[in-house]
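The values are calculated or read from the model by the stated rules, or taken from the named source; none is laboratory data. Every value quoted in this text rests on a predicted model; they were computed, and no experiment measured them. For neighbour counting, all protein chains shown are included, and Cβ atoms are generated from backbone atoms with ideal geometry for every residue, glycine included.
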Amino acid sequence: MAFPAQNNPIKDGLNSRLNQIESNLSEASRLLNDAESGLNSLDASIGGLAGRLSAVRGRGYAAMGHLDATIRILTEKWTALGPGVRQSLANAVGPLNGQINGAQAEARTLREMIAVDNFGVAEGMAAQLESKSASIRSSASREATQATAPVRDLTAALGAVERDLKLAETTVDLFGQAAFPMQQQESPVLAVEGKMMEGEKSHGVLYFTNHRFVFEGQKEVVLEKHFLIVTKKRIERVVEIERPVGAVRQISKGRVGLLAGTGVFVEFKPEVGLPVTPFDVKAWEADVITRFFRYITGGEADRDIAATHGVANPAPPTIKLARCTACGAPHSGEIYQGQASVQCEYCGASVAIT
């Protein structure tokens, strides 16, 4: 019958020290590789920004005018800084990789000494390698940090640009699926998937243009059944809320249900006759919606859209409607920001706002 070998505290201690040595060297290598990968990723990301922006502009997205200037500035800064940063990192990586490879070879020899119980030699090697590996890890951290310091702000700025560019890309994708038509001089600004927490609690999309707020719900329509099994169906898109953006009094972030969590509450002006309506969206999307609502109602969206279309200094919108063009009666109700037409309260005609 075989008995297990007793633990050797000296051997166990040396193996533990060796593990820490190898961990230091692996961490040093990772720090250098991460720095190189970060620069490659930065180069690819910044290099692709102009093409991505051109694609969404080509699909009719004219809002967020800051993207054009910011992307140009980021590209110019990277062009100026990139070569120097790459060279600085390369100058540090070469010698440090040589030190890491040498120390790793010594660590393999140390493992062999421990395996054959040559503890006297192993103790001396372990003491030297502990100090060397810690120094290499410290040097790798310092050199990677110093080499990439000039582009740290650039990396942070890139994150903000990519966030807004992704919002624009998602918005044009969702507007491309919408069933409702766009009005004259109307432009997409934001689209977010969500769930209306009133009535049938429809899943759908919240759409914001420079003129309107629209919620379009999505419903499954069964086309064919075989016994009790649905064999054919389609998604039907139905506009459940459509109002001029000026008819919305405010949009606030809050908890919309016990299970739903964070969302937004859309509050309409009293004369609109609609209740406060909660929508379930992700927490970060709730922040985006409130931000873009201020962007639209403050007039900045219209200014950006006009500038993108080549109008340098758009005049603030003026409402010239005074009387119904069908019966001549005066219009007494409020005309909201983004409203395209009104219904005459006397003859019922639809009158375009000019």
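If you check T155, T148, T109, T79, which single one turns out to be assigned to a helix (DSSP H, G or I) and touching a Gly at 6+ places or on another chain (Cβ under 7 Å)?
Details: T155 fails: touching a Gly at 6+ places or on another chain (Cβ under 7 Å); T109 fails: touching a Gly at 6+ places or on another chain (Cβ under 7 Å); T79 fails: touching a Gly at 6+ places or on another chain (Cβ under 7 Å).
Result of the check over T155, T148, T109, T79: T148.
Note down all Cβ pairs under 7 Å where the first residue falls in the stretch 119-138 and is under 20 Å from V93 (Cα atoms), the second is of a type in the set (S, T, N, Q) and modelled with pLDDT of 95 or more, and they're at least six residues apart or on different chains.
The qualifying pairs are S133/N24; A134/N24; I136/N24; I136/Q99; R137/N24.
As an exercise: evaluate F180 against (1) without any contact (Cβ under 8 Å) to a residue 12 or more places away in the chain; (2) under 23 Å from P275 (Cβ atoms); (3) not polar (S, T, N, Q) and give the number of the one condition it does not meet.
So the condition that F180 fails would be (1).
What are the pairs with Cβ atoms under 6 angstrom where one residue, in the stretch 252-268, is within 18 Å of R294 (Cβ to Cβ) and at pLDDT 90 or above and the other, located anywhere, is of a type outside the set (A, V, I, L, M) and not in a strand (DSSP E or B)? Sequence gap at least six, or different chains.
These pairs meet every condition: K253/T290.
Looking at (1) under 30 Å from A160 (Cβ atoms); (2) out of contact with any strand residue (DSSP E or B) (no Cβ under 9 Å at 6 or more places or on another chain); (3) of a type in the set (G, A, S); (4) modelled with pLDDT of 95 or more, which is the one condition that is false for A103?
(1)
Among residues belonging to the stretch 128-174 that are among the hydroxyl-bearing types (S, T, Y) and under 30 Å from Y295 (Cβ atoms), point out the one that is modelled with the lowest pLDDT.
Once the filter is applied, the top-ranked residue is T155.
May I ask you to say which residue of N19, N15 is over 23 Å from A140 (Cα atoms) and polar (S, T, N, Q)?
Matching residue, one of N19, N15: N15.
Test M125 against the stated conditions and say whether it is surrounded by 19 or more Cβ atoms within 10 Å (Cβ to Cβ), at pLDDT below 95 and more than 19 Å from A28 (Cβ to Cβ).
For M125, the condition - surrounded by 19 or more Cβ atoms within 10 Å (Cβ to Cβ), at pLDDT below 95 and more than 19 Å from A28 (Cβ to Cβ) - is not met.
Taking the conditions exactly as written (assigned to a helix (DSSP H, G or I) and under 17 Å from S138 (Cβ atoms)), does S41 satisfy them or not? I'd like the intermediate steps shown before the answer.
Numbers: assigned to a helix (DSSP H, G or I): yes; under 17 Å from S138 (Cβ atoms): no.
No; evaluated as a whole, the condition is false for this residue.
In this structure, does I251 turn out to be closer than 18 Å to V205 by Cβ and either loosely packed, with under 12 Cβ neighbours inside 10 Å or touching a helix residue (DSSP H, G or I) at 6+ places or on another chain (Cβ under 9 Å) (or both)? Reasoning before the result, please.
Working: closer than 18 Å to V205 by Cβ: yes; either loosely packed, with under 12 Cβ neighbours inside 10 Å or touching a helix residue (DSSP H, G or I) at 6+ places or on another chain (Cβ under 9 Å) (or both): yes.
In short, yes.
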